[in-house]
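The values are calculated or read from the model by the stated rules, or taken from the named source; none is laboratory data. The model shown is predicted, which means the values in this text are computed figures rather than measured ones. Please note: Cβ atoms are built from the backbone with ideal geometry, for glycine as well, and neighbour counts cover all protein chains shown. Protein only, heavy atoms only, side chains kept; ligands, DNA and RNA dropped before computing areas. Shrake-Rupley method; radii C 1.70, N 1.55, O 1.52, S 1.80 Å.
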Amino acid sequence: MLELDLSSEIAAVRSTFSDILAVVDVDALQAEIARLSEAAGAPDLWDNPEEAQKVTSALSHRQSEIARLSEAAGAPDLWDNPEEAQKVTSALSHRQSEFARVNGVQKRLDDLDVLIELANEMEDEESAEEARKELADLTQVVNQLEVQTLMDGEYDDRGAVVTIRSGAGGDDATDFAEMLLRMYLRWAERHGYSTKIMDMSYAEGAGIKSATFEVTAPYAYGTLSVEAGTHRLARISPFGSADKRQTSFAAVEVIPVMEEAVEVDIPENDIRVDVFRSSGPGGQSVNTTDSAVRITHIPTGIVVSMQNEKSQIQNRAAAMRVLQTRLLLLQKEAEAAKKKELAGTITASWGDQMRSYFLYGQQLVKDLRTGFEHGNPAVVFDGDIDGLISAGIRWRKRKDDDD
């Protein structure tokens, strides 16, 4: 006799979902926006200018991001700027999808109860299997929503600019850097996120010396920022003849996209601007003009290169935005370090190496901060890194709470 009992598992999902709703408060936000919209449309609103100002100001403040993006997406001149139009429509689609997921979880949970009851009454193993699969899917959706509620940093909701640089290890390191680049691009592709290569420096042998790319998606920075740090690869080198184990390193840097100019003053005397031709593997020229730009910030030694845009002016503007962002984050890190120093609470960080990839003997990817492990490096390098990222976001939240 079939007796399907998933009550404890469903209760756990419902509990997590209740915590999410307490943070997101979707119903309250919708009700407030509707109330303010109705008040703002009242014919006698401006009979009391002071009250009218309060209502319209509150409505502007509490307007949901979906409503704002919907309005922007409906602008008649939106596609006069195709790049901006793509950002708006992509962000709107993503937000609507996220919103629909939140609103749909409760209905799916209720439907799951009915499906389990039907499976038990009819002793139908097929319905029971369907219920188990639906519970697994719901658990995954709720876990993803829960992780998003943990991203409450100042820039977490922005897009991300990711830079990968090869480290020690010769050809293995440059090859590893290219493997990481593909891993992140495949991850973005899996989620339907838009990416754009901003700069690429190819190695003389295998792989790349460095690469910079942008991920356009809500919360891309909050999500990918936990990937920042030093990554280590251990494998039997394909570039040597002695079949010896080779260890190589690559660094990943993640900064938020600043859509507007940030308040960082950069005197012209503090930067050196070099122009050069964009190049591909082997130094092959892909541009007939010297449009690529490299900006060096002399006081800090920060170097930013851009070659994706067609004109030197566009590349310089893009490079300056990234430089301003890096200097702003550097400034904030210095301020935070100073506060810790004054409070006497400086502690050692988790160190340079944050994750190891083992491609010999026991196949394993292990995050050294969270302890999360994945036993199939091949699928990780193919973009299946959500588990590693979620564990990193939870680890960061606990660390911030402890601090």
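Can you give the FRET efficiency to the nearest 0.05 for Thr300 and Phe276, using r as the Cβ-Cβ distance and R₀ = 22 Å? Please report the intermediate quantities before stating the final value.
Values: r = 22 Å, r/R0 = 0.98.
My answer for the efficiency is 0.55.
Per-residue HN-Hα couplings for the stretch 199-208, Karplus 6.51 cos²θ - 1.76 cosθ + 1.60 at θ = phi - 60°, whole Hz, x for Gly and Pro?
Per-residue couplings from phi come out as 7, 8, 10, 7, 7, 5, x, 8, x, 10 Hz.
What residues qualify as long-range amide H neighbours of Leu364, i.e. H under 5 Å apart, gap of 5 or more or another chain, H built at 1.01 Å from N?
Residues meeting the criterion, in which the H sits 1.01 Å from N, are Phe358.
Report the local net charge at Gly205: Lys and Arg +1, Asp and Glu -1, summed over other residues whose C-beta lies under 9 Å from its C-beta.
Numbers: positive: none; negative: Asp171, Asp175, Glu204.
Local net charge: -3.
What list of ³J(HN,Hα) values in whole Hz, one per residue of the stretch 224-231 in order, does the Karplus curve 6.51 cos²θ - 1.76 cosθ + 1.60 (θ = phi - 60°) give from phi, with Gly and Pro shown as x?
Each residue's phi maps through the Karplus curve to give 7, 4, 6, 8, 5, x, 9, 9 Hz.
Suppose all protein chains stay in the model; what accessible area per residue would a 1.4 Å probe give for the stretch 138-277, in Å²?
It amounts to 45 Å² per residue over the stretch 138-277.
Once R0 is set to 45 Å, what does the formula 1/(1 + (r/R0)^6) return for the Cβ-Cβ distance between Val379 and Leu330, expressed as a FRET efficiency to the nearest 0.05?
Details: r = 36 Å, r/R0 = 0.79.
Efficiency at R0 = 45 Å is approximately 0.80.
Within the set of other residues whose C-beta is less than 14 Å from the C-beta of His297, count the net charge using Lys and Arg as +1 and Asp and Glu as -1. Please list the in-between numbers first.
On the way: positive: Arg272, Arg294, Arg316, Arg321, Arg326; negative: Asp265, Glu268, Asp270, Asp274.
Result for the neighbourhood of His297: +1.
Can you give the FRET efficiency to the nearest 0.05 for Thr247 and Asp111, using r as the Cβ-Cβ distance and R₀ = 41 Å?
0.20
Measuring from label point to label point, each 7 Å out along Cα→Cβ, what is the Asp5 to Asp402 span in nm?
3.8 nm
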